[in-house]
Amino acid sequence: MQISHKITQKLINSKNVLITAHKNPDGDALGSMIALGLSLKALNIKITMYNESPIPAKYGFLPCIDSIKQHFCEKENYDTAVILDCSDLNRIGKAAQKIDKISSTINIDHHLLNTEFGDFKIINSKESATAEIIYHVIKNMGVCFNKDIATSIYTGILTDTGSFRFSNTGISAFEICGEMMGFGAEPSKIAENIYGNYSLNRIKLIMKALESIEILNNGSLSIITLTREILIKTGARDEDIPGLINYALEINGVKVAVLIKQHMKDIVKNRGIDKFHVSLRSDGSVDVSSIASLYHGGGHYRAAGFDINAKLCDLRADLINKLGSY
């Protein structure tokens, strides 16, 4: 992959860099942030890693994870902001407009429907993960890989390829991960931390999620609904939710799986309107990113999502109607 010399030089010549990614970060967002942050620090560049959301406990093994700040400091005189794994600037969260005012912004992403915000851009939907792009950026900057950087890159690629199961897994994903193992990344330990440590609350949530599954549209559509009541009763946190939708997708005959998660606070009280996050997954026969875009969301061909304010019954009915033709 070719990385613009102009962008590489912009990073190398920066003095104070803010690195951020989408709220509710996954392994790719966190791995990419840390790998780039450690690389810039190796060049004696001041860096701040920021994410609006709490960091999921399963990523606590990542190096420097405790250095990621949850509060945006407006007093810092940043000359460059790097926004990672965001198809749209607003995916950062509340600080999006403040970050947009930093003198130079660099958008690095692998989502197909990226809005191409920022002063500089590296957008390549052919890469399996943003961490793959960061790997090439680090090489272009001439930074030597070490165990911490390698662990972060490996984690990003592992999680965004679904442990190398998703169709976005290319030859380069295996090649880069193999190289990262040579620098000290330990696949078994990384996988154990990410996939082998379930909280009791997550187990309770899995049970409720399975109970909620509905099969519709002649067996081609499955829906999981996580209401506020379920989330409170199980004590589940946002970090307990990723992966639940796969149970619905793996049912024989299902082409599209939907997970509707109700947020914990009402948006408009006494009117039945709530805020929801909707995740969409496809078996490969349906482009769910096109469905998400109808609700101003985005993602990939087989995995996408969006946020919406609506009544639950209306949202379900509309989704069933839009997906009825598949």
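The values are calculated or read from the model by the stated rules, or taken from the named source; none is laboratory data. It should be emphasised that the depicted structure is a prediction, and the values quoted were computed from it without experimental measurement. Positions of Cβ are generated from backbone atoms using ideal geometry, with glycine treated the same way; all protein chains shown enter the neighbour counts. To get the accessible areas, we keep the full protein, side chains included, count just its heavy atoms, and leave off ligands, DNA and RNA. Shrake-Rupley method; radii C 1.70, N 1.55, O 1.52, S 1.80 Å.
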- Message: Quick check on segment 120-130. Is at least one of its residues modelled with pLDDT of 95 or more and outside any strand (DSSP E or B)?
- Response: yes
- Residues in segment 188-199: is at least one assigned to a loop (DSSP other than H, G, I, E, B), more than 29 Å from Ala236 (Cβ to Cβ), under 22 Å from the mean Cα position of the chain (by Cα) and not β-branched (Val, Ile, Thr)? no
- closer than 30 Å to Lys322 by Cβ, open to solvent by less than 20 Å² (accessible area, probe 1.4 Å), touching a residue at least 12 places away in the same chain (Cβ under 8 Å) and not aromatic (Phe, Trp, Tyr): does that describe Leu205? yes
- Query: If you go through segment 296-307 one residue at a time, how many are over 13 Å from the mean Cα position of the chain (by Cα), surrounded by 18 or more Cβ atoms within 10 Å (Cβ to Cβ) and either of a type in the set (Phe, Trp, Tyr) or part of a strand (DSSP E or B) (or both)?
  - Reply: 0
- Task: Among the candidates Lys15, Lys41, Lys6, Lys46, single out the residue that is of a type in the set (D, E, K, R) and modelled with pLDDT under 95.
- Result: Lys6
- Message: Given the condition closer than 30 Å to Lys322 by Cα, buried (at least 16 other Cβ atoms within 10 Å of the Cβ) and hydroxyl-bearing (Ser, Thr, Tyr), answer yes or no: does some residue in segment 241-259 qualify?
- Response: yes
- Message: Under 8 Å between Cβ atoms, which residue pairs at least 6 apart in sequence (or on different chains) link something in segment 90-116 that is under 19 Å from Leu11 (Cβ atoms) and in contact (Cβ under 8 Å) with a residue 12 or more places away in the chain with a partner that is assigned to a loop (DSSP other than H, G, I, E, B) and open to solvent by 80 Å² or more (accessible area, probe 1.4 Å)?
- Response: Ser104/Asp119; Thr105/Asp119; Ile106/Asp119; Asn107/Glu116; His110/Lys126
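Would you confirm, using the coordinates I've provided, whether Phe174 is within 19 Å of the chain's Cα centre (by Cα), over 30 Å from Tyr78 (Cα atoms) and open to solvent by 80 Å² or more (accessible area, probe 1.4 Å)?
no
Taking the criterion of being at pLDDT 85 or above, in a loop (DSSP other than H, G, I, E, B), buried (at least 20 other Cβ atoms within 10 Å of the Cβ) and of a type outside the set (Lys, Arg), would at least one residue in segment 272-290 satisfy it?
So far as segment 272-290 goes, yes, one or more of its residues are at pLDDT 85 or above, in a loop (DSSP other than H, G, I, E, B), buried (at least 20 other Cβ atoms within 10 Å of the Cβ) and of a type outside the set (Lys, Arg).
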- Query: Looking only at segment 235-268, which residues are at pLDDT 90 or above and either basic (Lys, Arg) or touching a Ser or Thr at 6+ places or on another chain (Cβ under 6 Å) (or both)?
  - Reply: Ile245, Ala248, Ile251, Val254, Lys255, Val256, Ala257, Leu259, Ile260, Lys261, Gln262
- Note on the structure: Taking segment 210-235 and keeping only residues that are under 30 Å from Ser285 (Cβ atoms) and either in a strand (DSSP E or B) or touching a residue at least 40 places away in the same chain (Cβ under 8 Å) (or both), one is left with Glu214, Ile215, Leu216, Asn217, Ser220, Leu221, Ser222, Ile223, Ile224, Thr225, Leu226, Thr227
- Could you look through segment 192-202, keep only residues that are open to solvent by less than 80 Å² (accessible area, probe 1.4 Å) and in contact with a helix residue (DSSP H, G or I) (Cβ under 7 Å, 6 or more places away or on another chain), and pick out the one that is farthest from Asn146 (Cα to Cα)? Asn201
- Message: Given (1) open to solvent by 70 Å² or more (accessible area, probe 1.4 Å); (2) touching a Phe, Trp or Tyr at 6+ places or on another chain (Cβ under 7 Å), identify the lone condition not met by Ala310.
- Response: (1)
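Can you pull out the strands (runs of 3 or more DSSP E) entirely within segment 17-114 that have at least 2 residues that are open to solvent by 10 Å² or more (accessible area, probe 1.4 Å)?
46-50
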- Message: Can you tell me how many residues within segment 208-231 are surrounded by 14 or more Cβ atoms within 10 Å (Cβ to Cβ) and within 15 Å of Ile241 (Cα to Cα)?
- Response: 12
- Close pairs (9 angstrom Cβ cut-off, 6 or more residues apart or separate chains): modelled with pLDDT under 90 in segment 149-178, part of a helix (DSSP H, G or I) and not hydrophobic (A, V, I, L, M, F, W, C) anywhere: Gly162/Asn246; Phe166/Asp160; Asn168/Asp160
- How many residues does segment 133-158 contain that are open to solvent by less than 30 Å² (accessible area, probe 1.4 Å) and in a helix (DSSP H, G or I)? 16
- Message: Considering only residues that are among the polar types (S, T, N, Q) and buried (at least 23 other Cβ atoms within 10 Å of the Cβ), which ones fall in segment 121-132?
- Response: Ser128, Thr130
